[in-house]
1. On the basis of being crowded, with 20+ Cβ neighbours inside 10 Å and touching a residue at least 24 places away in the same chain (Cβ under 8 Å), does LEU305 make the cut?
2. Among the residues in segment 225-233, are any part of a helix (DSSP H, G or I) and closer than 19 Å to VAL97 by Cα?
3. Any idea which of VAL324, VAL329 is in a loop (DSSP other than H, G, I, E, B), among the hydrophobic types (A, V, I, L, M, F, W, C), touching a residue at least 12 places away in the same chain (Cβ under 8 Å) and in the same structural domain as SER158 (by TED's automatic domain parsing)?
4. Show the residue pairs that are 6+ apart or on different chains and have beta-carbon atoms under 6 Å apart, the first residue being within segment 20-35 and assigned to a helix (DSSP H, G or I), the second being among the β-branched types (Val, Ile, Thr).
5. Of all residues in segment 342-362 being touching a residue at least 24 places away in the same chain (Cβ under 8 Å) and basic (Lys, Arg), which is nearest to CYS287 (Cα to Cα)?
6. For segment 309-338, which residues satisfy the criterion of being buried (at least 20 other Cβ atoms within 10 Å of the Cβ) and under 17 Å from LEU160 (Cα atoms)?
7. For segment 274-285, does any single residue satisfy the condition of being under 29 Å from the mean Cα position of the chain (by Cα) and more than 29 Å from VAL203 (Cβ to Cβ)?
8. I'd like to verify a number: residues in segment 144-202 that are surrounded by 20 or more Cβ atoms within 10 Å (Cβ to Cβ), of a type in the set (A, V, I, L, M, F, W, C) and part of a helix (DSSP H, G or I), how many?
Amino acid sequence: MDTIKVVIADDIAQTRTDLRRLLYFEEDLEVVGEAADGEEALSIIDQHRPDIVLMDVNMPVMDGITATEKVTRDYPDVAVVIISIQGEQEYLKKAMVAGARDYLIKPVNSEEISSTLRKVYSLEKERFKGAPPAKENEPPPQERIITFFSGKGGTGQSVLAVNLAVSLARQEHEVVLVDLDLQFGDLSLMLNLSDVKSISDLVEESEGINEQTLPQYLLRHNSGVHVISACYSPQDAEKVNESHLQQILDGLEKSFDYVIIDTPCAFNELTLYALERADLIMLPVRCDLASVKGAKTTINVLKALEHENKIRLLLNMTGQSYGVEKEDVENGLGLEVYHSIPRDDKQVELSINKGMPLALTRQNTEINKSLARFREKFSPSPATNGQKKEKQGNQEEQEKRGRKGLLKRPLFF
């Protein structure tokens, strides 16, 4: 039987004593340290590396929510279980967003606390099972900020952004999604998240945007992806300006491996800044003239802004010929297709309606395989490193020969 190492963090000495007594007769639970505040808890965690921290919310020096966020960020193999009183439900929500795995309401009994600790330990052990060993001093990925942008709607941009984020998070990367479509963003809907706080709430934070306040406005999905939600009301979008976005991205870039930004279909102040900050710009396009025309206009603007080298062309919803082929798109836009994603309206709609990204399902469909290959361009799976990439065998490629497109020459607009 594994011994589960526990640290108790509570500013009341008697509470710490009572909790220690409750765990004393549990042979598989060992209290390895106590702390009277969040800062002391971090020091003890660094020294003893426990499996779980029992964390109170209201503590001096550093409160439990801030401490939980730091534990989640700096000690990903240490789980936090919040222990709180009934009147702190709002704080519990903040703590769960910060990364707490579970919570207990005071007063607790021996059976309740021991079963919770064992359950959390078991889930954490399963989560890290089979994960590749961490590399010391591993450099961060070069493409850290990825901005999805399309000048025309209907390209599946948000679906691609969400699934890339979830896929990267499943590879043990720290990933955050920023919904910059402030008036009509749907990222929270696609992930089935309750919008506890939005970006407009963040920019109105009385203490400003900093490393203490920013984590409180991140929604956490069970895949590990964090989300900054769009505004609840369209009129709130006016509260967010370029200076706010700069502070937000500065903070996120320090804490996350990947910052993925989903933008509206418009060149506004915030979109232009998101494009400027991007290491890569993902430009989705479909195989139809209207979509290609919109992409051509977008590329011309991006070239004028000197972002041409950042552009990666995503050919979405392929597999059905409407007279415009992949070669036509590449010739018309003057760019090679970075990746192609086949069309599967049924699976995409189901995933959106259920709030379950395709990257979390195990269906052996062409779109799932293609999304996995898309993610591997950023973070190859351990099992596929060194192996030849699977050939794209979708219908578009299979039927390419012997078929003539409507377009006999390159597209120019």
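The values are calculated or read from the model by the stated rules, or taken from the named source; none is laboratory data. This one's a predicted model, so the numbers in the text were calculated from it and none came from an experiment. Heads up, the Cβs are rebuilt from the backbone with ideal geometry, glycines too, and the neighbour counts pull from every protein chain shown.
1. The answer is no for LEU305.
2. No, because not a single residue in segment 225-233 is part of a helix (DSSP H, G or I) and closer than 19 Å to VAL97 by Cα.
3. Within the list VAL324, VAL329, the selection yields VAL324.
4. Every condition considered, the pairs that remain are ARG20/VAL31; LEU22/ILE113; LEU23/VAL31.
5. Taking the candidates together, the pick is ARG343.
6. Those that are buried (at least 20 other Cβ atoms within 10 Å of the Cβ) and under 17 Å from LEU160 (Cα atoms): ILE311, LEU313, LEU314, LEU315, ASN316, MET317, THR318.
7. yes
8. 13
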